[in-house]
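Accompanying notes for the structure given below.
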Amino acid sequence: METARAMTDLPFDAVLCDVDGVLRFYDTAEVTRLEVAAGLPEGTTEAIGFAPENDLPLLLGRITREQWAQSIAAGLASRVPVSVARQLAKAFTEAGFWADTTVVRLLRQVRGLCPVVLVTNATAWLDEDLALLGLADLADSVINSSLVGVAKPDRRIYELAAEKAGARLDRCLFVDDRQENVDAARELGMTAVRYSTAGDLETALTGLFGR
């Protein structure tokens, strides 16, 4: 990697990267175990937890983790006993998580060349989670929907991220695992990559690393 390359020679002036589904992943084994024991199809709790009426208020910072759990339990209560619904909601909202070490390595390399900004629809306690992962210093900035009050794919969160990075929209590389967020970035003139595996990120960064 040519660390001495001038910024003007780089294909991007900033890398804007999603968190969940790209950098961080959740351990849902306990949720699955409880669903199987309760006779629920696998993924039922996730579907309720991520339903817009339950998920969006959380991601915009309007409800707490406890209120989110209550909304999930309420959504499950017609299918399982209340005690089981509460167990599932607790397991889902307090699930453990881990970081993809390849993505971490790549983003740390990027920071030697240009700013990295995490742009994420996330909870108000994301900073605590990043600290638990040892990643508090991974990015130059974090644009968190629950703190700024706007979520992807709203153009305003992309504009906030680019401004924080000190880069024009058309000089940003945006990486996300959701197609609607990638499409929104492209409409703003960003180079955008739909993430499936760490190889997608590595390929997108080839020009930046000069190889």
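The values are calculated or read from the model by the stated rules, or taken from the named source; none is laboratory data. Predicted model, so just to flag it, every value in this text is computed and none were measured. Quick reminder, even Gly has a Cβ in these numbers, built from the backbone with ideal geometry, and neighbours come from all protein chains shown. Ligands, DNA and RNA are stripped out before the accessible areas are found, and what is left, the full protein with its side chains, is counted by its heavy atoms. Shrake-Rupley method; radii C 1.70, N 1.55, O 1.52, S 1.80 Å.
General remarks:
- Where a residue in the stretch 63-86 is within 15 Å of THR32 (Cα to Cα) and its partner, wherever it lies, is open to solvent by 30 Å² or more (accessible area, probe 1.4 Å) and at pLDDT 95 or above, with Cβ under 6 Å and at least six apart: VAL80/ALA38; VAL84/ALA38; ALA85/ALA77
Conditions (1) outside any loop (DSSP other than H, G, I, E, B); (2) surrounded by fewer than 20 Cβ atoms within 10 Å (Cβ to Cβ); (3) at pLDDT 95 or above, marked per residue:
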position: PRO41; (1), (2), (3): no, yes, yes
position: THR45; (1), (2), (3): yes, no, yes
position: ARG79; (1), (2), (3): no, yes, yes
position: TRP98; (1), (2), (3): yes, yes, yes
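- Qualifying residue in the stretch 193-211 (condition: over 16 Å from VAL19 (Cβ atoms), at pLDDT below 95 and either in contact with a Gly (Cβ under 7 Å, 6 or more places away or on another chain) or among the basic types (Lys, Arg) (or both)): yes
- Those residues of the stretch 105-121 which are open to solvent by 20 Å² or more (accessible area, probe 1.4 Å) and touching a residue at least 24 places away in the same chain (Cβ under 8 Å), in sequence order: ARG108, GLN109, ARG111, GLY112, PRO115, ASN121
- The stretch 64-77, residues that are assigned to a loop (DSSP other than H, G, I, E, B) and either open to solvent by 50 Å² or more (accessible area, probe 1.4 Å) or under 17 Å from ALA95 (Cβ atoms) (or both): THR64
- In summary, THR102 fulfils each of the numbered conditions (1) open to solvent by less than 40 Å² (accessible area, probe 1.4 Å); (2) under 25 Å from ILE143 (Cα atoms); (3) part of a helix (DSSP H, G or I); (4) in contact (Cβ under 8 Å) with a residue 60 or more places away in the chain with the single exception of condition (1).
Residues are listed down the side, and each one gets a yes or a no for (1) of a type outside the set (Val, Ile, Thr); (2) over 25 Å from PHE50 (Cβ atoms):
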residue	(1), (2)
GLY112	yes, yes
PRO115	yes, yes
THR120	no, no
LEU126	yes, no
GLY134	yes, yes
SER146	yes, no
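- Count of the stretch 201-211 residues which are touching a residue at least 12 places away in the same chain (Cβ under 8 Å) and open to solvent by 50 Å² or more (accessible area, probe 1.4 Å): 2
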